[in-house]
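The values are calculated or read from the model by the stated rules, or taken from the named source; none is laboratory data. Treat the numbers as computed from the prediction; the structure is a model and nothing was measured. Don't worry about glycine lacking a Cβ; one is built from the backbone with ideal geometry, like all the others, and counts go over all protein chains shown. Surface accessibility is based on the protein's heavy atoms, side chains included, excluding ligands, DNA and RNA. Shrake-Rupley method; radii C 1.70, N 1.55, O 1.52, S 1.80 Å.
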Amino acid sequence: MHDRGLAGAASPPGDRGVAVWLLVCCALVFAMVVVGGITRLTHSGLSIVEWQPIVGTVPPLDDSAWQEAFRKYQQTPEFRQVNTEMDLAGFKSIFWWEYAHRLLGRLIGAAFLLPLLWFAARGRVGRALTWKLAALFALGGLQGAMGWYMVQSGLVDDPRVSQFRLAAHLGMALLIYAAMLWIALDLILSRRAGAPSGLRRLAFGLAALVFVMAISGSFVAGIRAGLAYNTFPLMNGHVVPPGMFVLEPWYLNFFANVATVQFDHRLIAWAIAFLVPWFWVLTRREGVPQRARLSASLLLGALVLQTALGISTLLLAVPVPLAVAHQAGALLVFTASLLAAHSVR
C-alpha cells in the first residue's frame with residue numbers, strides 16, 4: 001500500500017497556527033504531569049489546604065502569611081501523624097512544589113482559553129472545532145476541581161490521597177492531552193492511504209492499553225506498591241505472589257492490595273512489551289506509509305526507555321528522580337502510541 005498524496009490542499013496557515021498552539025498546550029500538560037509526579041513523590045500535595053483558584057495565585061508574601069499557611073497545615077493528619085517535627089523551613093520546601101503545580105494549572109487554563117477566544121473571534125477555527133475546544137476547556141476546569149477533590153481526601157483522617165481520585169485526576173489529564181494532540185495532528189497532517197484494518201485495530205488497542213497501564217501506575221503510586229516486591233522479573237521469588245486476594249470484597253484487591261496492584265501493573269507491562277515489537281514488525285511487512293513506520297519505531301524506542309526506567313525504579317525502591325522520569329516516560333509512550341494510531345487511521 002502506497003502513500004496517496006495530500007487529501008486536498010495543504011493545511012492553511014490558520015490551521016497550522018491552531019495546531020502549534022495546541023501542541024504548546026500539550027507541552028504544558030506534559031510538564032504539569034511531571035510536576036504533579038514530583039509533588040506526589042515529595043509528599044508536597046497536602047501542603048496547601050485550601051482551593052482558591054483566584055486568590056491562591058498569590059503565595060505568602062511575608063512572615064505572618066507564611067505562619068498562617070503553616071498553622072493551617074499543622075491541622076492536617078499529614079502533619080499530626082507524619083511530619084510532626086517539621087519546621088517552617090521544611091514546610092516551605094513542600095509548599096513550593098504544590099504551589100508550582102497549581103500555578104501551572106492556572107497557566108494552562110489561560111494559555112488555552114485566551115488563544116481560543118482570539119482564534120474564534122477571527123474565524124480561524126470552525127464552529128464544530130470551536131465547540132470541541134470549548135468542551136476541552138470545560139474538561140480542564142473539571143480537572144482542576146478533581147485535583148482539589150483528590151487533595152481533600154488526604155485532609156480528613158488518612159494522610160494519603162485516595163488512589164481512586166488520583167487515578168481519575170491522572171486519567172483526565174491524559175484524556176485532555178490526547179484530545180489536544182489528536183486535533184493538532186488532524187490539522188497539520190494529511191490523510192493518507194490507510195493501513196490494513198487489523199493493524200489499525202492493533203494500533204488503537206495499543207494506545208488504549210498504554211492508557212490503562214498509566215492508570216494502573218497511579219494505583220501503584222497511590223498505595224505505594226512500588227516499595228514492595230523490589231525484585232525483577234519475579235516478585236520476591238514468585239511469578240504470582242501469595243496473598244493476592246486477601247481483601248473482601250474480592251474486587252478491592254485490584255485497587256488496594258499491594259501484591260495485586262503491582263502484579264497487574266507488571267502484567268500489563270509484559271503485554272505491551274510483546275505487542276509493541278509485534279506492531280513494529282507488522283508495519284515493516286504491510287507496506288504502510290513512512291509516517292506509520294517512523295511512529296512504530298518511536299513507540300518501540302519509548303517503550304525500551306520506559307521499561308528500563310520502570311525496572312530501575314522498582315529495584316532501587318522508588319528514588320524520586322527515577323520515579324519522576326518513569327512518570328514522564330509513561331507520557332512519552334502514550335504520546336508515541338497516539339502518533340502510531342493516528343498514522344494508520
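Using only the alpha-carbon atoms, what does the stretch 30-99 span along each of its principal axes? Please give whole angstrom values in decreasing order.
Result for the stretch 30-99: principal-axis Cα extents of 33, 27, 19 Å.
Going through the DSSP H helices of the chain, which span 20 Å or more along their own axis at the Cα atoms while scoring at least -1.0 as a mean Kyte-Doolittle hydropathy?
Span-like helices in the chain: 13-41, 88-121, 127-152, 163-188, 197-222, 258-285, 290-315, 320-343.
Determine the per residue accessible area of the chain with all protein chains present and a 1.4 angstrom probe, expressed in square angstrom.
I get 49 Å² per residue for this part.
About the Cα centre, and with charges only on the beta carbon of Lys, Arg (+1) and Asp, Glu (-1), how big is the dipole of the chain? Nearest 20 debye, please.
1560 debye
Candidates [x] 54; [y] 62; [z] 58; which is the computed percent of Cα pairs over 24 Å apart?
The value computed from this structure is option [y].
Specify which residue in the list 300, 240, 30 is farthest towards the positive end of the charge dipole of the chain, using unit charges on the beta carbon of Lys, Arg (+1) and Asp, Glu (-1), about the Cα centre.
Value computed over the given set: 300.
Where does the stretch 33-154 land on Rg/Rh, using Cα atoms and the Kirkwood Rh?
1.09
Report, to the nearest whole %, how much of the accessible area of the chain belongs to carbon and sulfur atoms, 1.4 Å probe, protein only.
In the chain, the share of accessible area belonging to carbon and sulfur is 69 percent.
Determine the distance separating the Cα centre of the stretch 91-132 from the Cα centre of the stretch 158-188; give it in Å without decimals.
Answer, in whole Å: 15.
Given contacts defined as C-alpha pairs under 8 Å and at least six residues apart, what's the relative contact order of the chain, whole-number percent?
Contact order relative to length: 24 percent.
Nothing charged except the Cβ atoms of Lys and Arg (+1) and of Asp and Glu (-1): what's the magnitude of the dipole of the stretch 47-195 about its Cα centre? Round to the nearest 20 debye.
Using only the charged Cβ atoms, the result is roughly 1060 debye.
Go ahead and estimate [θ] at 222 nm for the chain from helices alone: -39,500 (n - 2.57) per DSSP H run with n ≥ 4, summed, over the residue count, rounded to 500.
Value at 222 nm, helices only, nearest 500: -24000 deg cm²/dmol.
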